[in-house]
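Here the structure is laid out as structure tokens; the discussion comes afterwards.
Taken together, the values in this text are just the output of simple stated rules run on the coordinates, not laboratory data. The structure displayed is predicted, hence computed values, not measured ones. Please note: Cβ atoms are built from the backbone with ideal geometry, for glycine as well, and neighbour counts cover all protein chains shown.
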Amino acid sequence: MRATITVVLLAMILLPCLATAQADESDLVRLLDEEQERMRTLHEALRMRVVTLERTAKVVVAVAGAGSAISSFATTSQSAARDKLEEAVRVMSTPEPLGEPFPSVLRQLADVLEHPELNGPPDRLRERYFRILRPLEEHLLQEVRDSEATMQRLRGLAGQLSMAESSLRQMSATALRSAIEAHALVLQ
């Protein structure tokens with residue numbers, strides 16, 4: 001008889017809690033689904049940032065390579081430098097063109113290579129070329145700083161999610177122990 005009363009009392013206490021818990025659980029599932037969709041969007045944005053950063057680095061390296069090809073052997077070095085600069089323009093232009101300062105700097109560098117006689121001897125030409133290149137290097141460094149800041153924020157978000165998951169795991173274990181203890185009391 002006492003076991004029956006205990007079961008009835010537990011049912012009276014737990015049934016409203018279960019209904020509330022089910023409503024809370026469906027809200028939680030909905031929130032998690034929404035967050036998962038936002039995470040997919042974030043992941044795609046981060047993937048695009050990685051692609052852009054990679055292209056930016058490739059362009060800067062190709063453009064710097066073009067500058068380093070400039071030497072006192074004007075005809076061969078100018079041709080090699082132009083080829084490397086053309087490669088940088090191709091990388092910059094596909095699939096989605098990189099924005100400023102890339103187009104304007106690459107135009108200036110192309111002008112320098114097209115009219116080397118206006119820039120004096122090869123050492124002055126190289127000096128001017130690398131001076132014009134500087135905004136691309138600064139842009140790349142800023143992209144790296146921005147990426148570092150994003151990584152820091154992602155680490156913080158990962159830490160928060162890990163703490164939430166850990167708390168939920170601990171509370172689930174506690175709740176399971178409580179359910180087992182309650183069931184054991186009913187069986188006594």
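Worth a mention:
- Sequence-separation-based contact order of the range 84-159, relative, with Cα cut under 8 Å and 6+ spacing, percent: 27
- Unit charges at the beta carbon, dipole of the range 41-187: most positive-side option, 186, 104, 46: 186
- A cut-off under 12 angstrom between Cβ atoms defines the neighbours of residue 66, and their net charge, with Lys, Arg +1 and Asp, Glu -1, is 0.
- Here the calculated FRET efficiency for residue 100 and residue 148, from their Cβ-Cβ distance with R0 = 25 Å, stands at 0.65, rounded to the nearest 0.05.
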